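The values are calculated or read from the model by the stated rules, or taken from the named source; none is laboratory data. What you see is a predicted model, and the numbers here were worked out from it, not measured in a lab. As a convention, Cβ positions derive from the backbone with ideal geometry for all residues, glycine included, and neighbour counts pool all protein chains shown. The accessibility values were calculated without ligands, DNA or RNA, using every heavy atom of the protein model including side chains. Shrake-Rupley method; radii C 1.70, N 1.55, O 1.52, S 1.80 Å.
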Amino acid sequence: LLIFSPVCDIEVPERLSSSYDQLKCYHLVERCVHVPAREGSEEEILLVHSSEHLEVAKSTQTMSEEELKRVSGNYDAFFFHPNTYRCARLAVGATLQLVDAVMSEKVCNGMALVRPPGHHSQRNAANGFCLFNNVAIAAEYAKLKYGLQRILIVDWDVHHGQGTQYIFEEDPSVLYFSWHRYEHQEFWPSLKESDYDAVGLGKGKGFNVNLPWNKVGMGNSDYLAAFFHVLLPMAFEFDPELVLVSSGYDSGIGDPEGHMSATPEVFTHLTHFLMQLADGKLCVILEGGYHLKSLSESVCMTVKSLLGDPVPQVTGEMAPCLSAVESIQNVRAAHKPYWKWLMYEDTSFLQNLSTKSHLLKKANTNPSTEQESEMTNNDETAKVERFLELHMKNILFPVPPIKTATTTDFKGSASLFPVPVHLVKEMDKTEIKALVSGFYADLVKEDKTLLSLGSMLAILDKILKKEVCNGIAESPTAAVSVAVALRHSVRFGFQRVLCIFVGDMQIVPNTEDGKILMIHICEKEHFLLLLKDAEGNDFFSAVLGFILPVAYSYQPHLTVIAVGSNRSLGISEISLLFALLQGLAESRIFAVIEDTEINLMESVAKALVGASTPHFGVYVPPTQEKVNKIKILRDQFQQEWKMLQCSGKFSI
């Protein structure tokens, strides 16, 4: 605990202890590998920081309180304690231990619960509670020890990590993305270079990405929109070998610093998306987070995602606010010269931002007294605690005992799968015939289809009853099987079913009752046109720019993904589609795949059990024709599906 500054009242040891206690409460600690902490060495600290900075930090260990105050006065919002140096070295060492564990493949991914945080710390100066820049040191360490050439740093703390920006702004080997409360430079650290137009310097131009939030209250849909329309397309083009997260939870609900509205489960979704990069090599390092309940629940949601648990449904209206969309539009415009994925996108800068007038109003309001402000904060903290207690009970659900199911009649034999898949007994033939004649006679015309429905419906029933999380069925006629599966799910009581069909679809299911949303990816003009080129890069503009935003706007209770004949996507694209869509419907996904596709079934099974997705190879930009088609679709549907909005040219 820092001993003499009221500014530091929030940077307390309970930030770690309450997070760890909550992890134990959810029985998550016992499911993790414990990586022992160590102190970072001086050589490791010097990978980023100057020897002068290190010497000042070392000298504080024996200083009196008066001397500590004097030295602290040289820095912005930083206050030394005799133990600060050792704690900061432990934070560095623990972070590097995690990087080693992930890079040596002892673990797939992990989280370092450390303090003090690091992302404000600069080469030659402590800043904002941060003495050493844990994440920056981790990036330099990984480059040196493992020869990495591309590292992605995602900073979702509510403050701008200006220290990390300064360290890497000329370095094209590190892509740094930060969103942060900015309010037109009113919010700390109140720097011009925290705005969207600070894109990096020299060779590093385009590799520094700032997404400024110009008002408080940003929520789940704003954060997801930032991922869909900025971070993820950039990250897939960059193709990192390691992802580091500066994981500040002061961007979550109730935080006295952030004043944002995002609820803990959104961090499950953000983590899940990042797990699809860098062959799953992901290290999450704690930064800020000062509402203890909000912090600890968000830490747990992140760890659940890292462990591969089903993802809880994200709550709240899926519509980014105007201010968020304006910021996203400006970031896209600023980075258009540097990124292939933006080459054919319509981008333009917005100068007259909707929040400029709020700033004037804010300047004219009377400031409340410190005492009034503290009473309000205490009331707000208790209110958010009560809300989160109820909220977490509502969104958390019993995890089905089985992850992925199939039946025993696979031509390729499920036992040959490279991953463990649970076998389900297929439905009795008599039962199938009775079901079909009663409800599906208009759909099923051939005996071979009728016989294949026994296994398909057996798996689907297990998913609908929440006995398994997801499942994979083969079919001689995928289109017919899907039509039956969709009607069966609606009959079971599911009100919103998302169906994505890849390939030729002979039967178009009835969607008139609004309970089924169809997205068809095929070579013929239909709902969504997506022609595949050799590298499949049109896939990213379609999936990140259209399919994911629509799917998240719709918020289905079940996702059905089917692959028929003449598919227009390759195996790696389809597998990634399955992986990305596991964020929906509590990860309930049903796969129906044409029975000739043995290799595809193996790859999809891997994605469903949570194995990392296949690598895409060198990024090739989408063609102008395809980008234009996606753009037309986005314009056509963005009033209905608000997550499609990525420019300010619309009405809310």
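At-a-glance table
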{"item": "Protein accessible area in region 402-617, 1.4 Å probe - carbon and sulfur %", "result": "52"}
{"item": "Surface accessible to a 1.4 Å probe, per residue, for the residues of the chain, Å²", "result": "38"}
{"item": "Segments 306-316, 91-101 sorted - mean Cβ within 10 Å per residue, highest first", "result": "91-101, 306-316"}
{"item": "Along the chain, longest interval not containing exposed trypsin sites (Lys or Arg not before Pro), exposed being DSSP loop plus at most 11 other Cβ atoms within 10 Å", "result": "107-410"}
{"item": "Three-way shape label, region 246-344, alpha-carbon gyration tensor, a/c 1.5", "result": "oblate"}
{"item": "The chain: angle of helix 598-609 to the longest principal axis, Cα-based, in degrees nearest 10", "result": "40"}
{"item": "Nearest-ten-degree value, helix 14-25 long axis tilted from longest Cα axis of the chain", "result": "30"}
{"item": "Region 76-177 shape via C-alpha gyration tensor axes, a/c threshold 1.5", "result": "oblate"}
{"item": "Share of carbon and sulfur in the accessible heavy-atom surface of region 1-120 [1.4 Å probe, %]", "result": "54"}
{"item": "Cα-only Debye scattering, region 556-631: base-10 log of I(q)/I(0) at q = 0.11, 0.16, 0.22 Å⁻¹", "result": "-0.33, -0.68, -1.07"}
{"item": "Part-to-part distance (alpha-carbon centres) for region 94-152 and region 257-335, which is given in Å", "result": "19"}
{"item": "Values of log10 I(q)/I(0), in the order q = 0.08 Å⁻¹, for the chain under a Debye, Cα-only, solvent-free model", "result": "-0.59"}
{"item": "Scaled radius of gyration (Cα, divided by 2.2 N^0.38 Å) that region 1-105 gives", "result": "1.27"}
{"item": "Computed P(r) (all Cα pairs; region 402-617; 5 Å bins; percent)", "result": "1, 7, 16, 21, 23, 17, 10, 3, 1, 0"}
{"item": "In degrees, nearest ten, helix 370-395 long axis to first principal axis of the chain (Cα)", "result": "20"}
{"item": "For the chain, calculated [θ]222 nm from helices alone, where every DSSP H run of n ≥ 4 adds -39500 (n - 2.57)", "result": "-11500 deg cm²/dmol"}
